[in-house]
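Every read-out reported here was derived from the displayed coordinates using simple, explicitly stated rules and does not represent laboratory data. Predicted model, so just to flag it, every value in this text is computed and none were measured. Positions of Cβ are backbone-derived with ideal geometry, glycine not excepted, and every protein chain shown enters the neighbour counts.
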Amino acid sequence: MKKYILLSLAVSFVILVSLAAKIIYQDTEKKISSFNSSMKYEEKKEYNNAIQSLLQNYEENKNDYLFNLRLGWLYYSKGDYSKSKTYYQRAVDIRKNSTEAMLALTLPVSKLDDWDLIQNIYQKILKIDPNNFYANLYLGQIYLNKTEYGKAKELLEKIYESNPGSYDVNMSLGWTYYYLGKASNARELFTNVLMLSPNDSLGTKGMMLSK
C-alpha cells in the first residue's frame, strides 16, 4: 500500500512537471509569435495592428524588457508620445542600467519639450557609461544652446578625441570654441565641417566669423 502511494505521488509529480513545461512552452511560443507579428505589421506601417499584436499578450509579459521597448517605439512611430514615454520608462525601470532604453526615452520626451528631463537622462547615462557618444554629444549641444560653454567644451572635447571625423562633433565643438574666443581652434573645426559637408551654410558662417 505504501509503495502504491509513493508510486502515485511520483506519477502525479511527473504529470504536473510535464504540464508546467507545456504551459511554459506555449507561453513562450505565443510571446515570440506576437512579437514577430508586430514586426511584420510595422514593416507595412500598420502601427495600430503592430501595437495590438503585443497588447493582446501584454499582461503576462508586462515585465519583459523587449515588449516595453518595442511598444515605446511603436507608439513613438504612431505619434503618441505620452504612451511612448510610458513604455520606454517601463523598459528603463526593468533594466535600470540600459543606456539603450534611456536614449530611446529621450525621443518622446523631446517631442513633449521636457528638456530638463532630457538633460537628467543624459546625465544618468554618463554615470553608467562616461564615454557614451550620444549622451556626450547631445548633452554638450544642450549646454551649448544654454550658453554654458565650459560644460559643453568638456563633453565635446572628450568625444572629439575618439570621433574626430564626426560632422556633428566638429560643428558643435567649433561653435563652442568660437563662443569661448578660441578663433583658431574654431577655424580648424569649421574647416573639417566644410570638408565633410561642402557649402554647409552653418559651417560657412562659422568660418567667416572665426577669421
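Can you tell me the dipole magnitude for the chain around its Cα centre, using point charges on the Cβ only (Lys, Arg +1; Asp, Glu -1), in Debye to the nearest 20? Could the numbers behind the result be given before it?
Values: 27 positive and 22 negative charges, 93 e Å.
Taking the Cα centre of the chain as origin, the dipole is about 440 debye.
For K78, a cut-off of 19 angstrom between C-alpha atoms picks up these aspartates and glutamates, skipping any fewer than 8 places away in its own chain: E42, E43, E46, D113. Note on L112 and E154: the model spin-label points, each 7 Å out from Cα along the C-beta direction, lie 2.9 nm apart.
Potential lengthening of the chain between L180 and L55 amounts to 39.9 nm, from the contour at 0.36 nm per residue minus the alpha-carbon distance.
Each of N63 and K211 was given a label point 7 Å from its Cα along the Cα-to-Cβ line. The distance between the two points is 6.5 nm. Relative to the longest principal axis of the Cα atoms of the chain, the long axis of helix 115-128 makes an angle of roughly 70 degrees.
Were the residues from F133 through S201 laid out at 0.36 nm apart, the gain over their Cα-Cα distance would be 22.0 nm. For segment 99-112, putting each phi into the Karplus relation 6.51 cos²θ - 1.76 cosθ + 1.60 with θ = phi - 60° gives couplings of 5, 4, 5, 5, 4, 5, 4, 5, 5, x, 5, 5, 5, 8 Hz, in residue order, rounded to whole numbers and with x for Gly and Pro. Helix 167-179 and the longest principal axis of the Cα set of the chain meet at an angle near 50°.
For F35, F190, what ranking results if the residue with the fewest other Cβ atoms within 10 Å of its Cβ goes first?
On the way: F35 17, F190 28.
Starting with the residue having the fewest Cβ neighbours, the order is F35, F190.
Considering only alpha-carbon pairs that sit under 8 angstrom and 6 or more positions apart, the relative contact order computed for segment 28-118 is 20 percent.
Scalar couplings 3J(HN,Hα) for segment 36-52, obtained by applying the Karplus form with A = 6.51, B = -1.76, C = 1.60 to θ = phi - 60°, are 5, 4, 4, 5, 5, 5, 5, 4, 9, 6, 8, 5, 4, 5, 5, 5, 4 Hz; x denotes Gly and Pro. Ordering of 119-126, 88-95 by packing is 88-95, 119-126, highest average first (other Cβ atoms within 10 Å, averaged per residue). For an R0 of 25 angstrom, estimate the FRET efficiency from the Cβ-Cβ distance between K40 and D93 and round to the nearest 0.05. Once the sixth-power term is evaluated, E becomes 0.35. The computed P(r) over Cα pairs in 5 Å bins from 0, in percent for the structure shown corresponds, within (1) 1, 7, 14, 15, 12, 9, 8, 7, 7, 6, 5, 4, 2, 1, 0, 0; (2) 1, 7, 11, 12, 12, 9, 11, 8, 8, 5, 4, 3, 2, 2, 1, 1, 1, 1, 0, 0, 0; (3) 1, 7, 14, 18, 19, 17, 11, 6, 3, 2, 1, 1, 1, 0, 0, to (2).
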